[in-house]
Amino acid sequence: MPLDTLTLRCFLEVADSLSFTRAAARVGRSQSAVSQQIAKLEAHLGKPLFTRAKQLALTGEGQVFLSYARRIHALQAEALDRFREPELEGEVRFGLPEDFAAVYLSDVLAEFTRSHPRILLSIECDLTLNLYRRFRARDFDLVLVKMNRPEDFPNGTEVFSEPLAWVGDASLAKAGGALPLVLAPEPCVYRAAALAALEHAGRPWRQTLTSPSHAGTLAAVRAGLGLTVLPRPMIPASLTAVPAGDVPGLGHIHVSLLKHRGDDPAINSLEDFVLSKLTL
């Protein structure tokens, strides 16, 4: 069995996402087709590459093969980029919120870098309003921004819109007294949505922890320090949404891409790539 490009990409996507479902969406194949590719690859190598218990994970052999697969894929991408798209080179300055970088874009950006090794990505994470301020100052070529209303950034390209949810220990929402919150500092669209909903409902609240870090916020919520607000697709498996009847409704979050110019092939290439991966 030859190690063809599709098989290699299926393996890399499953290894990166640890999900046959997500990997299938990224390669444009059915879940069963991706599973079959991995099964054939394991049969050809004579080694199991994944453990299929409650949670998918790489075996020791899978970790070893992953290092080879990344090098092979990078070399393939570099060769194709050299002869097929030699104009795609330069630097792209990309700004995005930390939570989206952690949940959605780490694998996407890694794949883009493998596909276009001569494009240098300069990536920074910050709160949306800080990103927008720096975008207007020309610090970024492309930014991913979150907003409560699509009209907040009318010149952006909409990526998707998702409902917000309260996340954490549901018993905190039922307890008496002020609702304990774990939120990012201002300016944060999740914070603004949470406080606006509570004010409208006349619900008292208190801030138990303020953190600009997505990882820090999730750790505090897991520890039971309070509730936070997240888009529903970004709720990690270790946390749950609070039932709607126990807390005020929050509305939706809208995500858009902004860029300054349309005549740079490298910037356009990253924009198209991000949109193709994230548009729902």
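The values are calculated or read from the model by the stated rules, or taken from the named source; none is laboratory data. All values reported here derive from a predicted model rather than from experimental measurement. For neighbour counting, all protein chains shown are included, and Cβ atoms are generated from backbone atoms with ideal geometry for every residue, glycine included. Just so you know, the surface numbers come from the protein's heavy atoms only, side chains and all, with ligands and any DNA or RNA stripped out. Shrake-Rupley method; radii C 1.70, N 1.55, O 1.52, S 1.80 Å.
Residues are listed down the side, and each one gets a yes or a no for (1) out of contact with any helix residue (DSSP H, G or I) (no Cβ under 6 Å at 6 or more places or on another chain); (2) under 30 Å from residue 268 (Cα atoms):
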{"position": "157", "(1), (2)": "yes, yes"}
{"position": "165", "(1), (2)": "no, no"}
{"position": "184", "(1), (2)": "no, no"}
{"position": "209", "(1), (2)": "no, no"}
{"position": "213", "(1), (2)": "yes, yes"}
{"position": "218", "(1), (2)": "yes, no"}
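Every residue in segment 26-44 that is crowded, with 16+ Cβ neighbours inside 10 Å and in a helix (DSSP H, G or I), please.
26, 27, 34, 35, 37, 38, 41, 42 - these are the residues of segment 26-44 that are crowded, with 16+ Cβ neighbours inside 10 Å and in a helix (DSSP H, G or I).
Scan segment 35-89 residue by residue and report those that are modelled with pLDDT under 85, closer than 30 Å to residue 266 by Cα and among the aliphatic types (A, V, I, L, M).
If the condition is that a residue be modelled with pLDDT under 85, closer than 30 Å to residue 266 by Cα and among the aliphatic types (A, V, I, L, M), then 74, 75, 77, 79, 80, 88 are the ones that fit.
Are there any strands (runs of 3 or more DSSP E) wholly within segment 165-280 with 3 or more residues that are under 30 Å from residue 89 (Cα atoms) and within 17 Å of the chain's Cα centre (by Cα), and if so which?
Once the strands (runs of 3 or more DSSP E) in segment 165-280 are filtered for at least 3 residues that are under 30 Å from residue 89 (Cα atoms) and within 17 Å of the chain's Cα centre (by Cα), what remains is 252-259.
For residue 168, all conditions in the list (1) open to solvent by 40 Å² or more (accessible area, probe 1.4 Å); (2) on the phi > 0 side of the Ramachandran plot; (3) not aliphatic (A, V, I, L, M) hold save one; what is the number of the exception?
Every listed condition holds for residue 168 apart from (1).
Quick one: in segment 231-280, of everything that is among the charged types (D, E, K, R) and open to solvent by 70 Å² or more (accessible area, probe 1.4 Å), which residue is nearest to residue 176 (Cα to Cα)?
Ranking the qualifying residues of segment 231-280, first place goes to 232.
Out of everything in segment 128-163 that is modelled with pLDDT under 90 and aromatic (Phe, Trp, Tyr), what residue ends up being most open to solvent (accessible area, probe 1.4 Å)?
Result: 132.
For residues that are open to solvent by 20 Å² or more (accessible area, probe 1.4 Å) and either without any contact (Cβ under 8 Å) to a residue 12 or more places away in the chain or basic (Lys, Arg) (or both), scanning just segment 1-25, find the one that is nearest to residue 63 (Cα to Cα).
Among them, the one singled out is 9.
Cβ-Cβ distance below 8 Å, separation of 6 or more or different chains: which pairs start in segment 127-146 with a residue that is among the acidic types (Asp, Glu) and end on one that is open to solvent by less than 50 Å² (accessible area, probe 1.4 Å)?
Pairs found: 139/95; 141/92; 141/94; 141/264; 141/267.
Across segment 185-229, which residue is most open to solvent (accessible area, probe 1.4 Å) among those that are under 20 Å from residue 132 (Cα atoms) and among the charged types (D, E, K, R)?
Here the answer is 186.
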